[in-house]
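First, the structure itself, so that you have it in front of you.
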Amino acid sequence: MAGADSDDSLYPIAVLIDELRNEDVQLRLNSIKKLSTIALALGVERTRTELLPFLTDTIYDEDEVLLALAEQLGNFTMLVGGPEYVHCLLPPLESLATVEETVVRDKAVESLRKISHEHSPVDLEVHFEPLVKRLASGDWFTSRTSACGLFSVCYPRVSSTVKAEIRQHFRTLCSDDTPMVRRAAASKLGEFAKVLELEYVKSDIISLFTALASDEQDSVRLLAVEAGVSIATLLPQEDLEALVMPTLRQAAEDKSWRVRYMVADKFSDLQKAVGPEITKNDLVPAFQNLLKDCEAEVRAAAANKVKEFCENLPEDSRETIIMTHILPCVKELVSDTNQHVKSALASVIMGLSTILGKDNTIEHLLPLFLAQLKDECPEVRLNIISNLDCVNEVIGIRQLSQSLLPAIVELAEDAKWRVRLAIIEYMPLLAGQLGVEFFDEKLNSLCMAWLVDHVYAIREAATCNLMKLVEKFGAEWAQNTIVPKVLGMANDPNYLHRMTTLFCINALSEVCGQEITTKHMLPVVFKMSNDQVANVRFNVAKSLQKIGPVLDSKYVFIHI
């Protein structure tokens, strides 16, 4: 009997080995995903002595299997006996951290970082830190790139002698012959700097940052920019000018647009890190240059940061800096040749009105909004309409209606039907921004006029628009404002307009509810069933089918 029990306890590992050696990748993958169940069945001791050695020896599989294994091992601490035995997970993860496929290595590093926190300081020095050293001095670049992500997690909890060794290893990797390793080191430089003592940030990290920021590979230099922002947050104000700013100035004018793009993308973080004085003296001219950059991607990234940059300027000189230095560049970008630049600007430009106040908005910003509202690119127009509420708060609805509304009306009546169609699509959004009273006064008549447009696509879009408006303003508003006008079209001499009435009833019945549909709409549908045009009568039948579910079932049975 004891022999049978022993055989049973071996069964899970036997199944795992069989499945892991199966030719079918999916079976191997399923087996790896069940590892925790198998480990539970084996118990902690056999997991340590049998399962982990087996896994370490079989790391030669398909990438998706290895990826699943790397992820599973990060959650294995309790399955090997808790933090006391967590070091048993290091051998398989070390092997995974050296494979060729990047996503597998990254997942193995993620799991190693996770379990590093579960090591005691002694285990960290005895087991984890030697692993980091082995990876850092590996022959293949794959292991050296993985090592870059592990320095920061073990550094804070080891002795000063080991700390010195870790710093030395990181220095070596920053000047590695392989660009991929330098790239990995540059991407982790900021993170590593955060766990170092300030003296070593100044003595070691700054020189590494300067070297990486002038690397021959632009992919390394652009990662150094991000590190520079992190380092700037760690240094006292008086050291920033001398230690970090020269390198960052150089990055903002780098010959590679990718590096300049990264500077533009991280500009707000940089601004917060360096403080108001350096912002005024250094960052304002740099930002102007980025807004005028010869590459559209850089201009778009900088345009995206305009509002945030202006918000974070020192209050005492904010308005002056914006009016003198930033606004002239913004005016040029409004008519940029690249639609992505104009779209990026349109998504933030409205936010400037709250910073500059009513008078400046009316005088300087409104003409820009108008220009963008008439832009040929739909995304630019949408971004302006989406943010009208910002301007409304500053200049008030009256001023807004006098300046921007004529432009919206002009577009709504444009000779090109596609332009009219674009404005219809924005109408529910616009209505929500401006409120029901303003909508009824200024825009309601436009929405009704679209229902009798000579282009079918416009009439169809106008029908959907009405439904969205009712969803926004409610059924009571629809009953008082929209429904009477729609039902009035049922007597229109043009049969196309009578059909539009039916299409509107189809759409509105759903949002208006049973009472309004039964009381107001259904009698009109019944009346139209005697229409002299066959197509209208046919659409009456379709309408009855469509609105049937909204009506009371008894009513349907008796009348329809």
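The values are calculated or read from the model by the stated rules, or taken from the named source; none is laboratory data. Predicted, not measured: the structure shown is a model, and the values here were computed from it. Please note: Cβ atoms are built from the backbone with ideal geometry, for glycine as well, and neighbour counts cover all protein chains shown. The protein model used for the area step is the full one, side chains on, heavy atoms only, and it has no ligands, DNA or RNA in it. Shrake-Rupley method; radii C 1.70, N 1.55, O 1.52, S 1.80 Å.
Can you tell me the 0 to 90 degree angle between the C-alpha axis of helix 63-73 and the longest principal axis of the chain, rounded to 10?
So the inclination is approximately 70 degrees.
Given the options Leu368, Ala286, His119, identify the residue whose Cα lies farthest towards the positive end of the charge dipole of the chain (+1 on Cβ of Lys, Arg; -1 on Cβ of Asp, Glu).
Ranked along the dipole, the leading option is Leu368.
How many times 2.2 N^0.38 Å is the alpha carbon radius of gyration of the stretch 187-343?
It is 1.04.
Further question: Shape of the stretch 52-147 from its Cα gyration tensor (a ≥ b ≥ c, root eigenvalues): rounded if a/c is under 1.5, otherwise prolate when a/b > b/c, or oblate?
Oblate, because a/c is 1.5 or more while a/b does not exceed b/c.
To continue, here is another question. Determine the relative contact order of the chain: mean sequence separation of Cα pairs under 8 Å and six or more apart, normalised by residue count, in whole percent.
It comes to 5 percent, rounded to a whole number.
Quick one: length gained pulling Thr210 to Arg171 fully straight, 0.36 nm per residue minus the C-alpha distance?
12.8 nm
Taking the Cβ-Cβ separation of Arg113 and Gln288 as r and a Förster radius of 51 Å, what is the calculated FRET efficiency to the nearest 0.05?
Computed FRET efficiency for Arg113 and Gln288: 0.80.
Determine the gain in length on full extension of the stretch Glu64-Ala164; use 0.36 nm per residue of separation and subtract their C-alpha separation, reporting nm with one decimal.
Numbers: separation 100, 0.36 × 100 = 36.00 nm, distance 3.75 nm.
Length difference between fully extended and current span is 32.3 nm.
Solvent-accessible area per residue for the stretch 382-501 at a 1.4 Å probe radius, Å²?
45 Å²
Which whole number in µm²/s is D for the stretch 271-366 by Stokes-Einstein, with the Kirkwood Rh taken over Cα pairs at 37 °C and 0.692 mPa s?
245 µm²/s
For the stretch 184-227, report the accessible area per residue in Å² (1.4 Å probe, heavy atoms, rounded to an integer).
38 Å²
Between Ser120 and Leu198, what is the FRET efficiency for a Förster distance of 25 Å, r being their Cβ-Cβ separation, to the nearest 0.05?
On the way: r = 27 Å, r/R0 = 1.09.
In this case the efficiency is close to 0.40.
Please give the Cα centre distance for the stretch 443-468 versus the stretch 186-255, rounded to the nearest Å.
Cα centroid to Cα centroid, the span is 57 Å.
Note the angle between two axes, namely the Cα long axis of helix 218-234 and the longest principal axis of the Cα atoms of the chain, as a number of degrees from 0 to 90, rounded to the nearest 10.
Taking the Cα atoms of the chain, the angle to 218-234 is about 90 degrees.
On average, how much area does the Cα convex hull of the stretch 460-560 cover when viewed from any direction, in nm²?
Numbers: hull surface 23.3 nm².
Result: 5.8 nm².
Have a look at Leu52, Ile38, Ala478 and report the one farthest towards the positive end of the charge dipole of the chain, computed about the Cα centre with Cβ charges (Lys/Arg +1, Asp/Glu -1).
Farthest towards the positive pole: Ala478.
Taking 7 Å along the Cα-to-C-beta vector as the label spot, tell me the Tyr495-Leu429 distance in nanometres, rounded to one decimal.
A separation of 3.8 nm, rounded to one decimal place.
Would you work out if the stretch 201-287 is rounded, prolate or oblate? Take a ≥ b ≥ c from the square roots of the eigenvalues of the alpha-carbon gyration tensor; rounded if a/c is under 1.5, else prolate when a/b is larger than b/c, oblate otherwise.
Here the stretch 201-287 falls in the oblate category.
Report in % the part of the accessible area of the stretch 337-388 that belongs to carbon and sulfur, leaving out ligands and nucleic acids; probe 1.4 Å.
47 percent
Go through Phe309, Ser347, Ser335 and say which Cα lies farthest out towards the positive end of the charge dipole of the stretch 307-348; charges sit on Cβ, +1 for Lys and Arg, -1 for Asp and Glu.
Towards the positive end, the residue furthest out is Ser335.
Ok, one more. Calculate the spin-label point distance for Thr102 paired with Lys331, positioning each point 7 Å from the Cα along the beta-carbon direction, and give it in nanometres.
A separation of 4.4 nm, rounded to one decimal place.
For a paramagnetic label modelled at 7 Å from the Cα of Gln402 toward its Cβ, which residues of the stretch 352-378 fall within the zone defined by backbone nitrogen distances under 16 Å?
Flagged as within label range: 358-367.
Non-local amide H neighbours of Ser175 (under 5 Å, H modeled in plane, Pro and chain starts lacking H): which ones?
none
Place a +1 charge on the Cβ of each Lys and Arg in the stretch 443-560 and a -1 charge on the Cβ of each Asp and Glu, then give the dipole magnitude about the Cα centre in debye, rounded to the nearest 20.
180 debye
Pairs of Cα atoms under 8 Å, at least six residues apart: use those to get the relative contact order of the stretch 158-305, whole percent.
About 19 percent, as a whole number.
So which lysines pass the test for Lys280, namely a Cα distance under 22 Å, with those fewer than 8 places away in the same chain ruled out?
Lys280 reaches Lys266, Lys272, Lys292, Lys305, Lys307, Lys331.
Oh, and also: Relative contact order of the stretch 64-163, please, whole-number percent, based on alpha carbon pairs below 8 angstrom and at least 6 residues apart.
Across the stretch 64-163, relative contact order equals 27 percent.
Output the pairs from Lys342/Lys374; Lys416/Lys542; Lys358/Lys472 with a Cα-Cα distance over 22 Å in this structure; if there are none, say none. Walk me through the intermediate numbers first.
On the way: Lys342/Lys374 12 Å; Lys416/Lys542 32 Å; Lys358/Lys472 29 Å.
Flagged as over cut-off: Lys416/Lys542; Lys358/Lys472.
Sticking with this structure for a sec: Taking a point 7 angstrom from the Cα of Thr56 along the C-beta vector, which residues in the stretch 81-101 have backbone N less than 12 Å away?
Zone members listed by number: 87-96.
Per residue of the chain, what 222 nm ellipticity follows from adding -39500 (n - 2.57) for every DSSP H run with n ≥ 4, rounded to the nearest 500?
About -20000 deg cm²/dmol.
Report the paramagnetic label zone for His454: residues of the stretch 468-511 whose backbone N is under 20 Å from a point 7 Å from Cα along the Cα-to-Cβ axis.
Once the point is set 7 Å along Cα→Cβ of His454, 492-501 turn out to lie under 20 Å by backbone N, inside the stretch 468-511.
Using only Cα atoms, find the angle between the long axis of helix 102-116 and the longest principal axis of the chain, and express it within 0 to 90 degrees, rounded to the nearest 10.
Rounded to the nearest ten degrees, it is 70.
Then there is this: In Å², and per residue, what accessible area does the stretch 56-168 have when probed at 1.4 Å with the other protein chains present?
Per residue, the stretch 56-168 has an accessible area of 42 Å².
I would also like to ask the following. Mind putting a number on the dipole of the chain about its Cα centre? Charges go on the C-beta only, +1 for Lys and Arg and -1 for Asp and Glu, and I need it in Debye to the nearest 20.
Around 1900 debye, computed over the chain.
Quick check for me: using +1 on Lys/Arg Cβ and -1 on Asp/Glu Cβ, what's the dipole size of the stretch 28-67 about its Cα centre, in debye to the nearest 20?
Rounded to the nearest 20 debye, it is 260 debye.
Further, regarding this structure: Any idea how far apart Ala242 and Ser137 come out in nm if each label point goes 7 Å out from Cα toward Cβ?
3.6 nm
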